[in-house]
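The values are calculated or read from the model by the stated rules, or taken from the named source; none is laboratory data. Here the structure is a predicted model, which is why all the values come from computation and not from measurement. Virtual Cβ from ideal backbone geometry, glycine too; neighbours counted across all protein chains shown.
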Amino acid sequence: MGLVYPLPTNRRSAEAKEINLENIMGKTVLVVGSGGREHAIVDALSRSPQVSRIYCAPGNAGIGLQAENVPIKDTDVPGLLAFAKEKAIDLTVVGPEASLSAGIVDAFRAEGLAIFGHTAAATAIESSKEFAKELMAKYDIPTASYKAFSDFEEAKAYVASRPFPAVLKYDGLAAGKGVVIAEDMDQAEAALRSMLLDESFGKGRVVVEDFLQGPEFSFLCFVSGADVYPMPLSQDHKRAFDGDKGPNTGGMGAYTGLPFITEEDKRFAYTNILCKAASAMVAEGRPLSGVLYGGLMKTADGIKVIEFNARFGDPETEVILPLLESDIYDIFYGIACGKAVGTPVWSADLTLGVVLASKGYPGSYKKGFEIRGLDNVNAHVYHMGTALAKEGGQSTAQARNDGRWPSGGQSTLLTNGGRVLMVVGRGKSLAEIKDKVYKEIEKIDCDNLFYRKDIAHCVFDK
Ligand code: AMP
Ligand code: GLY
């Protein structure tokens, strides 16, 4: 274990008796997750002069260039806790909602460990659609009118009494079921049947809400109790194909610098939505201590909430965090300790990022295709789903050295997920950034990737 020193009295755990030299020289951080969002978090942490060592569980190939990947699943709370204790981690930062819902924050805090993210009780603002809708109704936060049902016939009658399209949201964790926008009664009935009567999913509940119209945008804030620190606004592109066609995905690209949101809109959303929600959660005994993500829509009737998320968005994080000029460790650590933090400083630059996804995503897709040419790309590349070829694994045909990929190594980079890479550019003009990003993407050589050609079309559409 090397040299050991007594723990300074101001350090995190009164129980820990020893600390190794490395920890005195800088902070050790564990990031939980494996996507582009976590790569952007690791990248931001690596810019902190206080942070000397970053682990990521489980991470991905790109993250592995900036952090030490640890093969522990992001929902394996006992495994992550044991690792954090063993390595005397100063701070853990949680990416995915599944880890938060699994109670990782509660478990770490019970052991006196600093962790950035919400408790399971606070994560209900994302994990239960009905809880979120009730909260908004109770605290007068603008959102679509709704009603919640567990009875199929009652739900059907309510849908029939409202105008179409109808928005049907399954309440709770339900892979693939999510949100259905039904154009007519047949579609609504089929969706309600699968959400409420389908036995393989157990007994569900459904929120039926009115259909809203207008541009959507993402308003992420760092939240510590009732203190809310806004990040730059961004817009995701949820549909798979150009022109917002095709199935919903996790997000195919994002940018900052939204032309359709005024300062007044932002102030309204900050005060009447994000701050109100944070205070409401305090009043409900579920204070937030992480990121609150407002999925908002600018309707003819004002800005309204489509959904809240209890975490950083992906791909939004990859265009937001590069703009943070403050030390992210101070923000994460302060909030993890339940304190107010200094107002974060953001660059006035703009960013735009395009996601490269596996052909077939968000449906079924194959993995294991070789990715070449990343070393030539003159933009930031965040890895969303990549892996290094293992010895004897597929497409390791030749050991190669791509210069920058991986630095000095001889490994083959493979696709390993639905969303694989995100190329992010930065500058003063979205038109210039967009041209540059698309030019750089052409340097990436892989047989099984596709991407949207129209990221930020809202900015350029006449
Ligand atoms: P959600 O999972 O709640 O974010 O919903 C996924 C997508 O469905 C959103 O990004 C919207 O595009 C759409 N959506 C959800 N709720 C509504 C609504 N009330 N009106 C119109 N579109 C909606
Ligand atoms: N970009 C959408 C999400 O993170 O939920």
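Miscellaneous remarks
- Just one residue in the set THR249, THR262, THR317 is away from ligand 1 (no atom under 13 Å from the Cβ), closer than 27 Å to LYS359 by Cβ and among the hydroxyl-bearing types (Ser, Thr, Tyr); that residue is THR317.
- Among the residues of the stretch 298-317, those identified as more than 10 Å from ligand 2 (Cβ to nearest atom) and over 19 Å from GLU130 (Cα atoms) are LYS298, THR299, ALA300, ASP301, GLY302, ILE303.
- Tabulated pairs, the stretch 130-145, first free of Cβ contacts under 8 Å to residues at least 60 places away in the same chain, second of a type in the set (A, V, I, L, M, F, W, C), C-beta under 8 angstrom, 6+ apart or interchain: PHE131/ALA124; PHE131/ILE125
- Given (1) away from ligand 2 (no atom under 14 Å from the Cβ); (2) of a type in the set (A, V, I, L, M); (3) in contact (Cβ under 8 Å) with a residue 40 or more places away in the chain, number of the condition VAL345 does not satisfy: (3)
- Among the residues of the stretch 129-156, the ones that are among the polar types (S, T, N, Q), over 18 Å from SER279 (Cα atoms) and within 12 Å of ligand 1 (Cβ to nearest atom) come to 1 in all.
- In the set (1) of a type outside the set (A, V, I, L, M, F, W, C); (2) more than 30 Å from ALA114 (Cβ to Cβ); (3) touching a residue at least 24 places away in the same chain (Cβ under 8 Å), GLU263 fails one condition alone, (3).
- Look at (1) in a loop (DSSP other than H, G, I, E, B); (2) free of Cβ contacts under 8 Å to residues at least 40 places away in the same chain and you find that CYS56 fails only one, number (1).
- The one condition in (1) in contact with a strand residue (DSSP E or B) (Cβ under 8 Å, 6 or more places away or on another chain); (2) crowded, with 19+ Cβ neighbours inside 10 Å that ALA280 fails to fulfil: (1)
- When the stretch 219-238 is limited to residues that are among the hydrophobic types (A, V, I, L, M, F, W, C) and assigned to a loop (DSSP other than H, G, I, E, B), the one that is farthest from ALA121 (Cα to Cα) turns out to be LEU233.
- Within the stretch 225-242, residues that are over 26 Å from MET281 (Cβ atoms) and at pLDDT 95 or above reach partners that are crowded, with 19+ Cβ neighbours inside 10 Å and basic (Lys, Arg) with beta carbons closer than 7 Å, at six or more positions or on different chains, in the pairs HIS237/ARG452; PHE241/ARG452; ASP242/ARG452.
- Listed conditions (1) in contact (Cβ under 8 Å) with a residue 60 or more places away in the chain; (2) away from ligand 2 (no atom under 16 Å from the Cβ); (3) closer than 30 Å to ILE371 by Cβ; (4) in contact with a strand residue (DSSP E or B) (Cβ under 8 Å, 6 or more places away or on another chain) are all met by GLU97, apart from (2).
- When the test is whether a residue is surrounded by fewer than 16 Cβ atoms within 10 Å (Cβ to Cβ) and touching a residue at least 24 places away in the same chain (Cβ under 8 Å), LEU212 does not pass it.
- Test result for ARG239, under 18 Å from the mean Cα position of the chain (by Cα) and surrounded by fewer than 18 Cβ atoms within 10 Å (Cβ to Cβ): yes
- Residue match in the stretch 7-27 (condition: modelled with pLDDT of 95 or more and either exposed (fewer than 15 other Cβ atoms within 10 Å of the Cβ) or under 29 Å from VAL420 (Cα atoms) (or both)): no
- The set of residues from the stretch 330-360 being among the aromatic types (Phe, Trp, Tyr) and over 18 Å from the mean Cα position of the chain (by Cα) comprises TYR333, TRP346.
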